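The values are calculated or read from the model by the stated rules, or taken from the named source; none is laboratory data. Keep in mind it's a predicted model, so treat the numbers as computed, not measured. Note: ideal-geometry Cβ built from the backbone for every residue, glycine included; neighbour counts use all protein chains shown.
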Amino acid sequence: MPIFTLLIILFNTQLMASTPTNTYTVFGKTYAVLTSGENYSETGVASWYGEDFHGNPTSSGTTYDMHKISVAHKTLPLGTWVKITNLDNGKQIKAEVIDRGPFVKNRLIDLSLAAAKKLDIIEPGTAKVHVESINTQNSTNHVESIQKLQMGAFKSLKNLKKMRHKITAEPSLNHLQFTIIKNNNVYKLIAKGPSNTINSLKSWSAKNHISFIEVKTGV
């Protein structure tokens with residue numbers, strides 16, 4: 001599917017350049033990421049993506065594995081868990097949003113190959129589905145882990161804010177929470193988020209040669 005390969009190349013390029021941090025632009029259209037996936041419920045068309053993307057990085061920073069259940073959505077926050085019902089046959093799955101897309105007109109959600117198999121839409125290619133967010137704490141197959149990183153200690157609050165802006169300029173990191181701690185005239189920047197986002201932050205830090213310190217949850 002060459003057009004899908006082109007889509008992912010263009011999407012990755014434009015996503016990196018998108019501003020402000022809660023929006024991104026693909027093919028000239030700007031999408032606003034929801035501040036929360038809570039109470040999300042929508043009906044639309046699901047499609048699926050497979051081998052052309054297998055092994056490539058997703059918007060969440062993880063590697064796409066078509067043999068694992070996951071989904072891509074244009075506006076739900078990365079890390080949101082959803083229940084998807086195939087309205088043609090009643091089959092259901094629970095999956096985590098780890099990627100952006102689909103960027104084809106009138107498509108609501110993109111399924112991994114494994115997810116598409118569970119919903120039995122491999123042969124037709126698309127299906128009408130209902131998508132609703134679920135409470136991950138009550139999910140039988142996922143409990144979200146919250147982690148923290150200290151992203152530097154600064155004598156200048158201005159420099160700390162520059163670092164925070166640099167981090168949030170990366171779209172995959174736009175729903176991190178930040179805390180500023182002052183101790184003996186030194187400002188510490190603490191980033192907090194779900195494990196998949198913190199892993200993305202670690203990867204981003206390594207690429208940008210920025211050191212970090214692990215912080216125990218609850219500190």
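Name, by its number, the condition in (1) farther than 24 Å from residue 173 by Cβ; (2) exposed (fewer than 14 other Cβ atoms within 10 Å of the Cβ); (3) not β-branched (Val, Ile, Thr) that does not hold for residue 32.
Single failed check for residue 32: (1).
Tally the residues that are buried (at least 17 other Cβ atoms within 10 Å of the Cβ) and at pLDDT below 80, restricting the search to the range 126-170.
Residues meeting the conditions: 1.
Contact list please: Cβ distance under 7 Å, first residue in the range 65-81 and under 20 Å from residue 119 (Cα atoms) and among the polar types (S, T, N, Q), second residue modelled with pLDDT under 95 and assigned to a loop (DSSP other than H, G, I, E, B), pairs at least six apart or on different chains.
Qualifying pairs under 7 Å: 80/37.
What about residue 98, is it touching a Phe, Trp or Tyr at 6+ places or on another chain (Cβ under 9 Å), more than 28 Å from residue 193 (Cα to Cα), modelled with pLDDT of 90 or more and buried (at least 21 other Cβ atoms within 10 Å of the Cβ)?
Spelling it out, it is not the case that residue 98 is touching a Phe, Trp or Tyr at 6+ places or on another chain (Cβ under 9 Å), more than 28 Å from residue 193 (Cα to Cα), modelled with pLDDT of 90 or more and buried (at least 21 other Cβ atoms within 10 Å of the Cβ).
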